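Heads up, the thing below is written out as structure tokens.
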Ligand code: PMT
């Protein structure tokens, strides 16, 4: 990991609202109660000792209007989260997959966001039914068998906005808390650092007749702090750190570890994230995980290596608890 040649000083601490104030001033998502019941039942249905992981995936939106036409979004497609969820399932985990609606989903990701859509894989069978086109049959059958084998241990919950995500993250973390070290929180979603408080939002679509648009956005409180200290203090917590400036990556990841006191930060750079990441812990040098372009082209996802290493560390953590 390259060290900072020109490390930027951390900005002076500004007044940021605390997480409780954020929850007091924002509306919970419509699916909160239903998600609560589904996650509680899912956790209760797992056999004793089975490890559980919450995988968050995709980007949060920040609405610009209460009747939302426009919003601020980010690049995340949910590749990291959906591929990781598959790896955790293969490793024997029960997976709660908290994902941005319409982003990539485990197993199905191979069949969406491509040039081919679902109908391109199918054909009428001439007897009033449908079949898979011969050229895709082997692949579809193998993926379908894998999905069928593992899907009973997968629960999907969707979010769209930043507020949806944060309410659901808190709810699910609180439900996982009693399972303690048996559970992992794997926070791969790309979460907005800025938002417009609901009382400052335009009620209706912002009109272009008013000329240029200037946005004032407030800083979102860091939710890792209450998550680690209050919501799920005994769980194994893995956060992600994304930067575009290589010089900032390690200092920022170390800062997060020191500040929030959780277990691992997976550090990645926007443009190399698909083949290179670093795992950071408080007491060791960064652990580089890297795959070659050739491996990538042959379908090896780096999430296989990330998840294998985290499963190993989670076992150590759980057995010491
Ligand atoms: O989906 P892909 O296209 O595959 O991309 C994967 C990814 C690059 C999005 C993923 O690997 C990744 O790095 N996710 C985290 C991106 C991110 O939010 O980084 P950050 O540096 O802004 O935040 C760091 C951590 O703080 C995150 O774990 C986040 O959950 C947490 N956070 C962020 C904002 C906030 N208000 N409160 C938080 O606690």
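The values are calculated or read from the model by the stated rules, or taken from the named source; none is laboratory data. Keep in mind the model is a prediction, meaning the values are calculated, not measured. Cβ atoms come from the backbone with ideal geometry, glycine included; neighbour counts cover every protein chain shown.
Descriptive notes on the structure:
- Residue pairs meeting the criteria (Cβ under 7 Å; at least 6 apart or on separate chains; first touching a residue at least 24 places away in the same chain (Cβ under 8 Å), in region 231-242; second within 6 Å of the ligand (Cβ to nearest atom)): 238/187; 239/187; 239/224; 240/187; 240/188; 240/268; 242/190; 242/268
- Summed over region 245-268, residues that are under 16 Å from the mean Cα position of the chain (by Cα) and more than 19 Å from residue 310 (Cβ to Cβ) total 0.
- Identity of the residue in region 154-190, more than 20 Å from residue 69 (Cα to Cα) and within 9 Å of the ligand (Cβ to nearest atom), that ends up surrounded by the fewest Cβ atoms within 10 Å (Cβ to Cβ): 190
- The set of residues from region 43-97 being assigned to a loop (DSSP other than H, G, I, E, B) and within 13 Å of the ligand (Cβ to nearest atom) comprises 58, 60, 73, 74, 75, 76, 77, 78.
- In region 214-239, residue farthest from the ligand (Cβ to nearest atom) [restricted to those that are under 16 Å from the mean Cα position of the chain (by Cα) and either closer than 21 Å to residue 161 by Cα or surrounded by fewer than 16 Cβ atoms within 10 Å (Cβ to Cβ) (or both)]: 227
- Qualifying residue in region 122-142 (condition: at positive phi, assigned to a loop (DSSP other than H, G, I, E, B) and surrounded by 21 or more Cβ atoms within 10 Å (Cβ to Cβ)): no
- Residue within region 101-118 that is under 30 Å from residue 18 (Cβ atoms) and in contact with a strand residue (DSSP E or B) (Cβ under 8 Å, 6 or more places away or on another chain) present: yes
- Residues of region 277-312 that turn out to be touching a strand residue (DSSP E or B) at 6+ places or on another chain (Cβ under 7 Å) and not in a loop (DSSP other than H, G, I, E, B), as a count: 13
- Evaluated against (1) closer than 20 Å to residue 43 by Cα; (2) surrounded by fewer than 21 Cβ atoms within 10 Å (Cβ to Cβ); (3) within 13 Å of the ligand (Cβ to nearest atom), residue 193 falls short on exactly one condition, (1).
- Filtering region 102-121 to residues that are closer than 15 Å to residue 82 by Cα and assigned to a loop (DSSP other than H, G, I, E, B) leaves 102, 103, 104, 105, 106, 107, 112, 113.
- Among the residues making up region 240-276, a single one is over 20 Å from residue 290 (Cα atoms), assigned to a loop (DSSP other than H, G, I, E, B) and near the ligand (Cβ under 10 Å from one of its atoms): 262.
- The residue list 92, 49 contains one member that is closer than 24 Å to residue 321 by Cβ, out of contact with any strand residue (DSSP E or B) (no Cβ under 9 Å at 6 or more places or on another chain), modelled with pLDDT under 95 and loosely packed, with under 15 Cβ neighbours inside 10 Å, which is 49.
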